[in-house]
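**Student:** First, the structure itself, so that you have it in front of you.
The values are calculated or read from the model by the stated rules, or taken from the named source; none is laboratory data. Because the structure is a prediction, the values reported are computed rather than measured. All Cβ positions, glycine included, derive from the backbone under ideal geometry; neighbour counts span all protein chains shown. Just so you know, the surface numbers come from the protein's heavy atoms only, side chains and all, with ligands and any DNA or RNA stripped out. Shrake-Rupley method; radii C 1.70, N 1.55, O 1.52, S 1.80 Å.
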Amino acid sequence: MKKVTLKMDVERPKSRIAPEIYGQFSEHLGRCIYEGIYVGEDSKVPNVNGMRTDVVEALKKIKLPVLRWPGGCFADEYHWKDGIGPKEKRKPMVNTNWGGIVENNAFGTHEFMELCEQIGCEPYIALNMGSGTVQEAAEWVEYMTYDGDSELARLREQNGHKEPWKVKYIGIGNESWGCGGSMRPEYYADNYRKYRTFCRDLSGNELFPIACGPNADDYHWTDVIMPLLKWHTKAISLHYYTIPSGNWEHKGSATKFTKKEYYQTIRQTLRIEEIIEKHLKIMDYHDAEQNVGLIVDEWGTWYDVEPGTNPGFLYQQNTMRDALVAAINLNIFNKHSDRIIMANIAQVVNVLQAMILTEGMKIVKTPTYEVFDMYHNHQGTTLVDSVIDMVETGMDDIVIPALSESVSVTQKETGSFLSYITLSNASLEESVQVRVQLPVNQKFAGVAEIAMLSGEADAHNTFDNPECVQTQKRQEEWRGNNAIVTLPPCSVCSISCRVETDEFH
Ligand code: AHR
């Protein structure tokens, strides 16, 4: 067994970890909204105003901070007025991006806002720049946020919501370099400025506009839009999906993969750190004051769909491999929380790297859900200095770091901290013993709550066996200057423990 040291220092704060890093994405795609979230008031599935109670409760438990909607590619063909008013009068549309099925618009603005209220999360609305108009986008903002006596505010009241909603996050265009309009960055930036001008802060509601940023390693996009948008946007987005082979034509199965494909997946996911750092360099070059944040508003694994399911629905299973992907990405986002202010895994239910899978009345929480549950303590805490020794893993030509970590704290009282440590071991062969080492003036002081998720790389939960992959929890007395935790192969671990500094004694 390899032995390594994780050095952490609760007195060396770095940046606040925005809760929004633990955000999610929901699109009118496959069974994400319909069946996954919204079943309608008359469904046999227990629901409140049409929202599945089991899904809402599960998302509350992981403290979901923000939910992006209605897409994705769907957003740039979505006309919000089709999704308000009496359901039987709502205009159906063809969901051209996702399976060509008919969308009946039963789930629209009011339903989405109700969902966010039930979960207790912030809405993040993706406006239609691709096929919509500036007027349509501006009117949506007015419909949602205006408090006065305008026609749109009255229409909102007629539709059952007198009070305006608070809407902070608005995305202006999704993948405008691709499904959102195949635009050049110069053209996109000009368009963005027009939309931003007319989508106004109304009735005390302050918008936080987000511009469409790059696709993965398209550094040219960032380099062009940053000087044109830095005074007009609060953040730019980044989309990066983990595809095992890196080849969109042959993505591979979610559950049946070789050891080599497993390591390829981890290598692909680790690429995101280099991509983030390069984009941040370009952003810093144009915006030395760092006024513009980075939002990774689509990330996660993308495999071939489950056999027998609609290829346009992007339904995939989720294994321990996905748990490792989630853990690694979240540690990377935490470590860059000085610049990454939000992230939204794709997607929340039944699509891509989902938290939850549903089938009729049944629900399965995936290994990725378990990781979000283990990591949610980081939300709103302060990242502190930490470093772990390098252990390499992989096979053949794949040589990658096995371990990832991040550490954060909340200060309880002078000299006393609650610290949260999250770790992952991507090796399929080796356990690693980690000595968690504090500086001489700091001590662990009490019970450490340790949560461990481990298993075979392809282990997953099914509707017949929903508890195959489960987090194991235990408590240990951690006292003194260091403590030891052993990470089994293919594992994710979270620890919360108290640390006192000399000043406290
Ligand atoms: O998440 C699925 C799709 O991936 C989104 O609609 C799009 O933005 C991205 O290409």
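**Student:** For 1, 452, what's the largest-to-smallest order of accessible area, 1.4 Å probe? Mind showing how you got there, number by number?
**Tutor:** On the way: 1 130, 452 15 Å².
So, going from the largest accessible area down, we get 1, 452.
**Student:** Between residue 203 and residue 48, what length in nm is gained on full extension when 0.36 nm per residue of separation is reduced by their alpha carbon distance?
**Tutor:** Computed gain between residue 203 and residue 48 is 52.8 nm.
**Student:** Per residue, what accessible area does region 18-94 have, given a 1.4 Å probe and all protein chains present, in Å²?
**Tutor:** Numbers: 2800 Å² over 77 residues.
With the other protein chains kept in place, region 18-94 gives 36 Å² per residue.
**Student:** For residue 456 paired with residue 338, estimate the spin-label separation in nm (one decimal), with each label point 7 Å from Cα along the Cα-to-Cβ line.
**Tutor:** Taking the simple label geometry, residue 456 and residue 338 are separated by 4.4 nm.
**Student:** While we're looking at this one, here's another question. Rounded to the nearest 500, what is the chain's calculated 222 nm mean residue ellipticity when only DSSP H runs of at least 4 contribute -39500 (n - 2.57) each, over all residues? Can you show the working numbers first?
**Tutor:** Details: 9 runs with 118 residues, N = 505.
Estimated from H runs of four or more residues: -7500 deg cm²/dmol.
**Student:** How much length is gained if the chain between residue 186 and residue 89 is pulled fully straight, taking 0.36 nm per residue apart and subtracting their Cα-Cα distance, in nm to one decimal? Display every interim value, and only then the final one.
**Tutor:** On the way: separation 97, 0.36 × 97 = 34.92 nm, distance 3.98 nm.
Going from the current span to full extension adds 30.9 nm.
**Student:** Could you pull out every residue, at least 5 positions away or on a different chain, whose amide H is within less than 5 Å of the one on residue 178? Hs are placed 1.01 Å off N in the peptide plane, and Pro or chain starts have none.
**Tutor:** Under 5 Å from the amide H of residue 178: 183.
**Student:** Still on this structure, I have one more. Counting Lys and Arg as +1 and Asp and Glu as -1, what is the net charge of the other residues whose Cβ lies under 13 Å from the Cβ of residue 334?
**Tutor:** On the way: positive: 14, 16, 335, 339; negative: 20, 273, 338, 385, 405.
Computed value for this residue: -1.
**Student:** Sticking with this one: Compute the length gained on full extension between residue 245 and residue 429: take 0.36 nm times their separation in residues and subtract their Cα-Cα distance, giving the result in nm to one decimal. Let's see the in-between values first.
**Tutor:** Values: separation 184, 0.36 × 184 = 66.24 nm, distance 2.16 nm.
In short, 64.1 nm is gained.
**Student:** Moving on to the next point. Kindly report the accessible area of region 176-293 per residue (heavy atoms of protein chains, probe 1.4 Å, no ligands, DNA or RNA), in Å².
**Tutor:** Numbers: 5510 Å² over 118 residues.
Per residue, region 176-293 has an accessible area of 47 Å².
**Student:** Helix 219-229 against the longest principal axis of the chain: what's the angle in degrees, Cα atoms only, rounded to the nearest 10?
**Tutor:** 60
**Student:** What chymotrypsin sites (Phe, Trp or Tyr not before Pro) does region 246-307 have in DSSP loop regions with at most 12 other beta carbons within 10 Å? Mind dumping the intermediate values first?
**Tutor:** Numbers: sites: 248, 257, 262, 263, 285, 299, 302, 303; in loops: 248, 257, 302, 303.
Answer by residue number: 248.
**Student:** Once the Cα atoms of helix 185-198 and of the chain are each reduced to a long axis, what angle between those two axes, in degrees from 0 to 90 to the nearest 10, is obtained?
**Tutor:** The answer is roughly 70 degrees.
**Student:** What's the local net charge at residue 23, with K and R +1, D and E -1, over the other residues with C-beta under 14 Å away? Please report the intermediate quantities before stating the final value.
**Tutor:** Values: positive: 63, 68, 168; negative: 20, 27, 122, 297, 298.
That sum, taken over residues with Cβ under 14 Å, equals -2.
**Student:** Follow-up question, since we're still on this one. Which residues make up the longest stretch of the chain that has no GluC sites (Glu not before Pro) in a DSSP loop with at most 16 other Cβ atoms within 10 Å?
**Tutor:** Numbers: sites that count: 41, 206, 249, 289, 429, 430, 456, 467.
That would be 42-205.
**Student:** Ignoring ligands, DNA and RNA, what percent of the accessible area of the chain is carbon or sulfur (1.4 Å)? Write down the numbers at each step before the final one.
**Tutor:** Details: 9490 of 19730 Å².
Carbon-and-sulfur percentage of accessible area, whole number: 48.
**Student:** For residue 149, what accessible area in Å² do you get when you roll a 1.4 Å probe over the heavy atoms of the protein chains, rounding to the nearest 10?
**Tutor:** 120
**Student:** Something else about it: Would you work out which of 23, 391, 323 lies farthest towards the positive end of the dipole of the chain, given +1 charges on the beta-carbon of Lys and Arg and -1 on that of Asp and Glu, about the Cα centre?
**Tutor:** The residue sitting farthest along the positive end of the dipole is 391.
**Student:** At a probe size of 1.4 Å, how large is the accessible area of residue 390, to the nearest 10 Å²?
**Tutor:** 130
**Student:** Further, regarding this structure: Which value, in debye to the nearest 20, describes the size of the charge dipole of the chain about its Cα centre when Lys and Arg Cβ atoms bear +1, Asp and Glu Cβ atoms bear -1, and nothing else is charged? Don't jump to the answer; show the numbers that get you there.
**Tutor:** On the way: 50 positive and 70 negative charges, 80 e Å.
Approximately 380 debye in magnitude.
**Student:** I'd like the isolated cysteines in the chain, meaning no second cysteine's beta-carbon lies under 4.7 angstrom from theirs.
**Tutor:** So, 32, 116, 121, 199, 212, 468, 490, 493, 497.
**Student:** Then there's this: Find out how many positive minus negative residues lie around residue 123, taking Lys and Arg as positive, Asp and Glu as negative, among other residues whose Cβ is under 13 Å from that of residue 123.
**Tutor:** On the way: positive: 68, 166, 168; negative: 20, 111, 114, 117, 122.
Charge balance in the 13 Å sphere: -2.
**Student:** Follow-up. Straight-line reach from residue 7: which lysines have Cα under 29 Å away, leaving out those fewer than 8 places along the same chain?
**Tutor:** 63, 278, 281, 335, 412, 443, 473
**Student:** What is the Cα centroid distance between region 16-77 and region 199-217, reported in whole angstrom?
**Tutor:** 21
**Student:** Name the trypsin sites (Lys or Arg not before Pro) in region 140-185 that are in a loop by DSSP and that have at most 11 other C-beta atoms within 10 Å, would you? Don't jump to the answer; show the numbers that get you there.
**Tutor:** Values: sites: 154, 156, 162, 166, 168; in loops: 162, 166, 168.
For trypsin sites (Lys or Arg not before Pro) across region 140-185 that sit outside H, G, I, E and B with at most 11 neighbouring Cβ atoms in 10 Å, the list reads 162.
**Student:** For the charge dipole of region 93-204, defined by +1 on Lys and Arg C-beta atoms and -1 on Asp and Glu C-beta atoms about the Cα centroid, which residue among 185, 128, 173 has the Cα displaced farthest towards the positive pole?
**Tutor:** 185
**Student:** Right, something else. Translational diffusion coefficient, Stokes-Einstein: compute it for region 1-129 using the Kirkwood radius over C-alpha pairs as Rh, at 37 °C and 0.692 mPa s, and state it as an integer in µm² s⁻¹.
**Tutor:** 198
**Student:** Hey, another quick one. Could you work out how far the C-alpha centroid of region 97-150 sits from that of region 455-503, in angstrom?
**Tutor:** 39
**Student:** Rolling a 1.4 angstrom probe over the protein heavy atoms, how many square angstrom per residue are accessible across region 361-436?
**Tutor:** Roughly 35 Å² per residue, with all protein chains present.
**Student:** Could you tell me how far the Cα centroid of region 302-332 sits from the Cα centroid of region 343-402, in Å?
**Tutor:** Their Cα centres are 11 Å away from one another.
**Student:** Okay, moving on. So what's the angle, to the nearest 10 degrees on a 0 to 90 scale, between helix 320-335 and the longest Cα principal axis of the chain?
**Tutor:** Between helix and principal axis, roughly 90 degrees.
**Student:** For the pair residue 359/residue 253, report the inter-label distance in nm, with labels modelled 7 Å from Cα in the Cβ direction.
**Tutor:** 1.6
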